[in-house]
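The values are calculated or read from the model by the stated rules, or taken from the named source; none is laboratory data. As the structure is a computational prediction, the values presented were derived from the model and not from experiment. Counting neighbours? That spans all protein chains shown, and the Cβs are built from the backbone with ideal geometry, glycine included. Keep in mind that these areas ignore ligands, DNA and RNA; they rest on the heavy atoms of the full protein, side chains included. Shrake-Rupley method; radii C 1.70, N 1.55, O 1.52, S 1.80 Å.
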Amino acid sequence: MSRPTDPLAREVNPRVRGLFIKNLADFQTELARLQAGFLPGITDWQLRQTLPGIIFRQFRRVQDLRQRGRELGLSWPAKHVASWSAGRTLLDRLCHAPDHDAFVRTALQAVPSALAAAIDGYLRENATIYDQPSQPLLETDRDELRALAEQASAWRAAEPSPESEAFGVEVDALLEDLVVVLSTHAGRTGEVCRGGRRIGRLPLPDAEIPAGFTLLEFGPEAPADDADYTERSRYIAVNFLQEVQAADSCAALLFDAPDMPWEFFFDASRHMWDECRHALFGARKLAELGVSVEASGLSTKAYAMRQTLTPLDRYAALTTQEADAFPGKHAGLKEAVAEKDATSAMAWSYDIADETQHVRYSTKWIPVMIEETGEPRSYDQVQVDLRNWRATVLAEAYRPAARASARAS
């Protein structure tokens, strides 16, 4: 007969004590995914610009925690299964945030604050030479979570709705058990998600135009053939600004993608942040030209159209568009250099570097997603289908004549 495990043996076991780190990493992965899911619905322009970077940094910190967990003898399955994450009840409830304020109040303020407090508790119990490698990783995570919670107060509504207040109280009650949840083994009892997932209000079917922005239903108007370089550069800057829609599509994909290897979500978060930065390339050039981004306007049409696709097809639509755009990007860079336009030249250069990486991502992950979802089409056929979709559906949706014709019919 085997002897029961000695309590001291369990108490000093790095794998047992490090369970908190594993659960924290899984919980923050899912928290970052749902934060991304709400991104397209945010109307505060400053938050819309800031959140993608916050989410990517959270994934970077989780990457470090996962590495440390492995050093302590913990393991993760080859595929990140969302339903197996610690704190699933709380995470699912967050997806029901009824409005902007409720989302900020809970997912950006209350939950990060509670996580920071939980990390503090773990550090107090493990502040010795034995687990020193974990300490700087956890301290960095705690400090960024705490900074986010403090910063979020600036994004709260001046007069929260009764629904927002009630939702916040409900989430606060769920947070009371967070420390216990993060210290308890999470069983692998949930189902594997093999298609696009839906929880609460997510994913959002359409994006919101930030407050004060003009709606560009059909995108920016192209300059005349004889327009000078200044006018053409303004048009290009407004087009860069439209990359908000690509960031939003990546954000939705982060939320509703099927269960995939964790590294896919890390790469998708980087893709999202890059697209947000590209939009800000345009904002910088517009500021240089003395043109307001609000007056220049934004469209949501590409985002809404891509949301009608499965996550696999949406990812292919995004990345085939990037792959096909390189000739135009290189021509834009050449012209900007010839015109001594350093701002636009830098934008084109870094855009080309980023988009090259995104095409590499798609080459790596689309075949994996095909396998995970049981998609019968080949990689090549998916590429062909989505190029056809862009040419026959998305492009036509941007033509006013096509829209007028649809209304008449």
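What translational diffusion coefficient, in µm²/s and rounded to a whole number, does the Stokes-Einstein relation yield for the stretch 103-238 at 20 °C and a viscosity of 1.002 mPa s, taking the hydrodynamic radius as the Kirkwood radius over Cα pairs? Let's see the in-between values first.
Numbers: Rh = 19.9 Å.
So the translational diffusion coefficient is about 108 µm²/s.
Rounded to whole Å, the principal axis extents of the Cα atoms in the stretch 249-366 read 46, 29, 21, largest first.
Net charge within 13 Å of G41 by Cβ-Cβ distance, Lys/Arg positive one each and Asp/Glu negative one each, not counting G41 itself? Intermediate results must be reported in sequence, preceding the final value.
On the way: positive: R48, R201; negative: D44, D99, D101, D206, E208, D248.
It works out to a net charge of -4.
Calculate what fraction, in whole %, of the accessible area of the stretch 320-405 sits on carbon and sulfur atoms when a 1.4 Å probe is rolled over the protein chains. Show your work: numbers first, answer last.
Details: 2700 of 4650 Å².
That fraction is 58 percent.
Its Cα gyration tensor gives the stretch 259-319 an equivalent ellipsoid. The semi-axes, each the square root of 5 times an eigenvalue, are 29, 16, 7 Å from largest down.
Within the accessible area of the stretch 134-266, the carbon and sulfur atoms contribute 51%, probe 1.4 Å, all protein chains present.
With the gyration tensor restricted to C-alpha atoms of the stretch 140-212, the semi-axes of the equivalent ellipsoid amount to 27, 22, 15 Å, longest first. Simple point charges give the picture: +1 on the Cβ of Lys and Arg, -1 on the Cβ of Asp and Glu, and for the stretch 126-258 a dipole about the Cα centre of about 540 debye. Along the stretch 95-107 the Karplus relation, 6.51 cos²θ - 1.76 cosθ + 1.60 evaluated at θ = phi - 60°, assigns HN-Hα couplings of 5, 9, 3, x, 7, 4, 5, 5, 4, 5, 4, 9, 6 Hz to successive residues, with x for each Gly and Pro.
Residue-normalised convex hull volume from the C-alpha trace of the chain: 172 Å³ per residue.
Between the amide H of M260 and those of H80, distances stay under 5 Å, these residues lying 5 or more places away or on another chain, with hydrogens modeled in the peptide plane.
Probe radius 1.4 Å, ligands and nucleic acids ignored: give me the carbon and sulfur share of the accessible area of the stretch 1-105 as a rounded percent. Mind dumping the intermediate values first?
Numbers: 2120 of 4110 Å².
Using a 1.4 Å probe with all protein chains present, the stretch 1-105 comes out at 52 percent carbon and sulfur.
Any number yet on Rg/Rh for the stretch 69-122, C-alpha, Kirkwood? We get a ratio of 1.07 for the stretch 69-122. Size descriptor for the stretch 1-121, Kirkwood hydrodynamic radius: 16.1 Å (Cα pairs only, one decimal).
Across the stretch 27-90, Cα-Cα pairs farther apart than 20 Å form 38% of the total. Kirkwood-type hydrodynamic radius, the stretch 158-304: 18.7 Å, calculated from all non-identical alpha-carbon pairs. How much net charge surrounds P311 when only other residues with a Cβ under 12 Å from its Cβ are counted (Lys, Arg +1; Asp, Glu -1)? Local net charge: 0. In the chain, helices alone account for a calculated mean residue ellipticity at 222 nm of -20500 deg cm²/dmol, with every DSSP H run of four or more residues adding -39,500 (n - 2.57). Between E339 and A224, the contour length at 0.36 nm per residue exceeds the Cα-Cα span by 39.5 nm. If only the Cβ of Lys and Arg carry +1 and only the Cβ of Asp and Glu carry -1, the dipole of the chain around its Cα centre is close to 960 debye. Please list log₁₀ I(q)/I(0) at q = 0.13, 0.16, 0.24 Å⁻¹ for the stretch 303-401, using the Debye equation with identical point scatterers on the alpha-carbon positions. Log10 of I(q)/I(0), two decimals: -0.56, -0.77, -1.18. If Lys and Arg each add +1 and Asp and Glu each add -1, what is the summed charge of the other residues whose beta carbon sits under 9 Å from the beta carbon of E165? Taking every Cβ under 9 Å from that of E165, the sum is -1. Accessible area per residue for the chain is 45 Å², calculated with a 1.4 Å probe on protein heavy atoms, without ligands, DNA or RNA. Compute the helix-to-body angle for 134-151: its Cα long axis versus the longest principal axis of the chain, expressed 0 to 90° and rounded to tens. Relative to the chain, helix 134-151 is tipped by roughly 50 degrees.
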